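Here is the structure we will look at, set down as structure tokens.
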Amino acid sequence: MTSATIPGLEPGSAPTRHQELLEWVAEVARLTQPDQVVWSDGSDEEWTRLTDELLAAGTITKLDEEKQPNSFAANSDPADVARVESRTFICSKREIDAGPTNNWVDPTEMRATMTELYTGSMRGRTMYVIPFCMGPLGADDPKLGVEITDSAYVVLSMRIMTRVGPAVLETLGTDKFFVKALHSLGAPLQPGDTDVPWPCNTEKYITHFPEDREIWSYGSGYGGNALLGKKCYSLRIASAMAHDEGWLAEHMLILKLISPEEKAYYIAAAFPSACGKTNLAMIQPTIPGWRAETLGDDIAWMRFGDDGRLYAVNPEFGFFGVAPGTNWSSNPNAMETLKQGNTMYTNVAVTDDKDVWWEGLEGSHDHLIDWQGKDWTPESDGPAAHPNSRYCVPMSQCPIMAPEWDDPQGVPISAILFGGRRKTTVPLVTEARDWQHGVFMGATVGSEQTAAAEGTVGAIRRDPMAMLPFLGYNVGDYLQHWIELGKSADESKLPKVFYVNWFRRGADKRFLWPGFGENSRVLKWIVERIEGTVGGVETPVGIVATPEALDLDGLDVNLDDVAEALAVNVDEWREEIPSIEEWFSFVGDKLPTGIADEFEALKQRLA
Ligand code: GTP
Ligand code: SPV
Ligand code: MN
């Protein structure tokens with residue numbers, strides 16, 4: 001088929017006169033050879049048409065209209081359930097610019113390999129063109145993108161997760177820059193083939209060309225592999241942009257905490273995948289008089305404002321949250337958000353009356369359809385929902401969205417939290433002495449691996465600023481960028497940095513700290529540290545809260561447990577040293593001297 005004969009490519013039929021975009025769409029169509037090209041407009045009509053198609057294909061199940069209005073549950077291929085870090089590539093021109101933490105292939109070679117894979121890869125399918133914007137469209141410099149995909153599930157999910165629709169094309173005009181984000185399932189259909197419910201390919205590539213600001217993804221239909229506005233654009237490509245332009249693109253939630261005196265504090269927090277960002281972003285404080293609102297649960301773009309403060313914007317439009325463990329007591333605000341409907345669930349279990357269920361949700365069921373579409377009873381082996389099952393829901397439905405969540409100005413950040421999942425060693429909350437010490441803390445975050453990506457769940461790995469899988473350039477340059485931004489700023493206006501760990505366990509393996517809403521007690525201590533109204537103890541690792549300094553009023557918890565959660569055990573910390581040493585030697589020559597100095601100082605304090 002020549003491009004002229006592909007329906008949807010006829011001259012003048014596209015809803016834009018952006019020449020570069022038109023040429024790129026035609027070029028990709030010629031390469032991938034779809035049956036037709038369709039421009040996505042994000043309309044309700046499109047939602048109905050595509051959900052109908054996916055229902056007919058068996059990709060999704062319609063949920064009960066009363067319990068889950070306008071909502072659907074998709075089951076993925078059992079081999080396509082999470083990000084694939086081993087198949088994620090940063091193809092910078094020079095290998096050194098991808099750094100030691102990323103897979104690298106020469107961009108020319110990668111383009112050749114993938115061009116071959118893309119050849120005819122959309123045969124028998126529709127090629128959708130989705131213009132989208134990360135962050136408010138009204139920003140001075142709106143961050144535009146266009147995803148080309150042969151997955152209707154991606155089109156539906158992008159409508160939830162990003163700003164789409166005619167206004168994006170209007171903003172693109174005839175010549176505005178946009179990130180080219182190409183996605184193919186890699187599952188062409190020959191005439192007469194019957195499709196599978198979740199097409200994908202065993203060979204997967206999640207590739208980024210940071211200098212060209214381009215993304216090429218192949219073979220997966222899932223989450224961060226396929227919804228290219230999210231991790232691929234807003235973290236990997238954006239981190240490279242941010243490095244060039246003097247800002248930060250981070251794997252952080254944005255929370256607004258309001259004191260009984262009605263003073264608002266904005267807090268950004270970076271935890272690795274499946275380590276509590278969404279839960280903290282939607283926290284329901286348990287301390288009387290304190291309230292929380294949310295602005296984002298996964299990604300923050302931060303830049304200094306004219307007043308010298310660091311302002312954060314959430315580039316996303318929806319939540320792609322971990323389902324298991326979400327319930328009316330751990331995260332009532334997420335549950336309220338989902339109750340409004342308009343949700344695409346993936347890999348959850350479905351009840352006989354077409355509601356959803358997952359491990360940790362209230363209620364028990366004698367029979368379910370599990371995430372693989374099989375009958376499930378409590379006696380079945382394995383969970384009903386996949387551990388990385390997710391909900392994809394519009395952010396605007398969250399009852400505690402801060403009114404300013406959509407403001408292109410962003411919000412001024414008072415505190416940055418780093419954290420991870422650590423059974424031992426790391427105290428509940430530690431304050432950094434200053435910015436550089438805080439960057440050191442972020443640079444050395446260790447966390448037990450989770451189901452959010454392939455790998456051994458539970459193994460500890462260093463995950464700087466929770467960005468290990470999301471850095472678009474060299475980790476050493478990234479840490480240097482953090483140090484330099486701090487140096488260029490007015491120190492009194494910099495956010496204070498803290499290191500938190502909700503996951504420390506006692507000898508009997510149970511969590512020492514109740515977590516979730518009770519984390520508001522830790523947030524209150526943080527706010528009081530910002531205000532200078534509460535004490536802490538100087539320890540070799542930083543300033544740690546004492547049980548007396550934490551507001552524990554009304555908390556039904558063993559004080560010994562709290563003390564143990566806060567303890568700095570010098571022997572445990574000495575055991576950290578070789579592993580930090582190993583990590584820093586892996587980072588290599590580009591490790592900033594400021595970070596090396598902090599490490600030396602820590603070693604001396606522990607000696
Ligand atoms: P991504 O979307 O993958 O980036 O994950 P996330 O960082 O948003 O993690 P999320 O908030 O979804 O939490 C993941 C898991 O951690 C869930 O199973 C939660 O129940 C659990 N969790 C979150 N907060 C706490 C806490 O304070 N204490 C304990 N013990 N578990 C928590
Ligand atoms: C994460 O893994 O950090 C996520 C889910 O937020 S994904 O979009 O798949 O990256
Ligand atoms: Mn995430």
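Before moving on, here are some points about what is shown:
- Listed here are the strands (runs of 3 or more DSSP E) enclosed by region 54-158 that have at least 3 residues being surrounded by 18 or more Cβ atoms within 10 Å (Cβ to Cβ): 72-74, 88-90, 126-134, 143-149.
- Test: residue in region 432-441 that is more than 30 Å from Cys133 (Cβ to Cβ), touching a strand residue (DSSP E or B) at 6+ places or on another chain (Cβ under 6 Å) and of a type outside the set (A, V, I, L, M): yes
- For region 446-480, a residue qualifies if it is within 17 Å of the chain's Cα centre (by Cα) and of a type in the set (A, V, I, L, M, F, W, C), and the qualifying residues are Ala451, Ala452, Ala453, Met465, Ala466, Met467, Leu468, Phe470, Leu471.
- Where a residue in region 202-223 is of a type in the set (Gly, Ala, Ser) and its partner, wherever it lies, is part of a helix (DSSP H, G or I) and within 16 Å of ligand 3 (Cβ to nearest atom), with Cβ under 9 Å and at least six apart: Ser217/Asn225; Ser217/Ala226; Ser217/Cys232; Gly219/Asn225; Ser220/Ala226; Gly223/Ser157; Gly223/Lys230; Gly223/Lys231
- Selection within region 8-34 - of a type in the set (Gly, Ala, Ser) and farther than 13 Å from Thr126 by Cβ: Gly12, Ser13, Ala14, Ala26
- Among the residues making up region 221-262, those that are polar (S, T, N, Q) and within 16 Å of ligand 3 (Cβ to nearest atom) are Asn225, Ser234, Ser239.
- Scanning region 328-346 for residues that are in a loop (DSSP other than H, G, I, E, B) and more than 16 Å from ligand 3 (Cβ to nearest atom) returns Trp328, Ser329, Ser330, Gln340, Gly341, Asn342, Thr343.
- Applying the condition of being touching a helix residue (DSSP H, G or I) at 6+ places or on another chain (Cβ under 6 Å) and among the aromatic types (Phe, Trp, Tyr) to region 262-289 and asking which residue is surrounded by the fewest Cβ atoms within 10 Å (Cβ to Cβ) yields Tyr265.
- Residues of region 21-44 satisfying the condition of being of a type in the set (Ser, Thr, Tyr) and buried (at least 20 other Cβ atoms within 10 Å of the Cβ): Thr32, Ser40
Yes/no matrix, rows are residues, columns are (1) within 16 Å of ligand 3 (Cβ to nearest atom); (2) crowded, with 24+ Cβ neighbours inside 10 Å:
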residue	(1), (2)
Arg422	no, no
Leu428	no, yes
Trp435	no, no
Ala453	yes, no
Ile460	no, no
Met465	yes, yes
Leu471	yes, yes
Ser488	no, no
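- Screening Tyr391 against (1) in contact (Cβ under 8 Å) with a residue 24 or more places away in the chain; (2) over 21 Å from Ala82 (Cα atoms); (3) not aliphatic (A, V, I, L, M) leaves a single unmet condition, (2).
- Residue within region 360-368 that is surrounded by 24 or more Cβ atoms within 10 Å (Cβ to Cβ), under 24 Å from the mean Cα position of the chain (by Cα) and either of a type outside the set (Val, Ile, Thr) or within 16 Å of ligand 1 (Cβ to nearest atom) (or both) present: no
- Looking at Thr425, Thr430, just one residue is outside any loop (DSSP other than H, G, I, E, B), of a type outside the set (A, V, I, L, M), outside the structural domain of Leu338 (by TED's automatic domain parsing) and modelled with pLDDT of 95 or more, and that residue is Thr430.
- Scanning region 525-559 for residues that are in a helix (DSSP H, G or I), buried (at least 20 other Cβ atoms within 10 Å of the Cβ) and of a type outside the set (Val, Ile, Thr) gives Trp525, Arg529.
- Test: residue in region 333-351 that is more than 24 Å from the chain's Cα centre (by Cα), free of Cβ contacts under 8 Å to residues at least 60 places away in the same chain and more than 14 Å from ligand 1 (Cβ to nearest atom): yes
- Listed by first and then second residue, the pairs with beta-carbon distance under 6 Å, at least 6 apart or on different chains, first residue in region 352-369 and in the same structural domain as Ala323 (by TED's automatic domain parsing), second part of a loop (DSSP other than H, G, I, E, B) and among the β-branched types (Val, Ile, Thr), are Val356/Val348; Trp358/Val348; His367/Thr377.
- Pairs with Cβ under 8 Å, 6+ apart, first in region 470-494 and outside the structural domain of Thr88 (by TED's automatic domain parsing), second away from ligand 2 (no atom under 16 Å from the Cβ) and acidic (Asp, Glu): Tyr473/Asp97; Asn474/Asp97; Gly476/Asp589; Asp477/Asp97; Glu491/Asp434; Lys493/Asp307
- Selection count where residues are closer than 20 Å to Lys524 by Cα and more than 15 Å from ligand 2 (Cβ to nearest atom), scope region 230-276: 14
- Failed condition for Ala384, given (1) touching a residue at least 40 places away in the same chain (Cβ under 8 Å); (2) outside any helix (DSSP H, G or I); (3) closer than 29 Å to Ala466 by Cβ: (1)
The values are calculated or read from the model by the stated rules, or taken from the named source; none is laboratory data. Not measured: the values here are computed from a predicted model. No Cβ is skipped: glycine too gets one built from the backbone with ideal geometry, and neighbour counts run over all protein chains shown.
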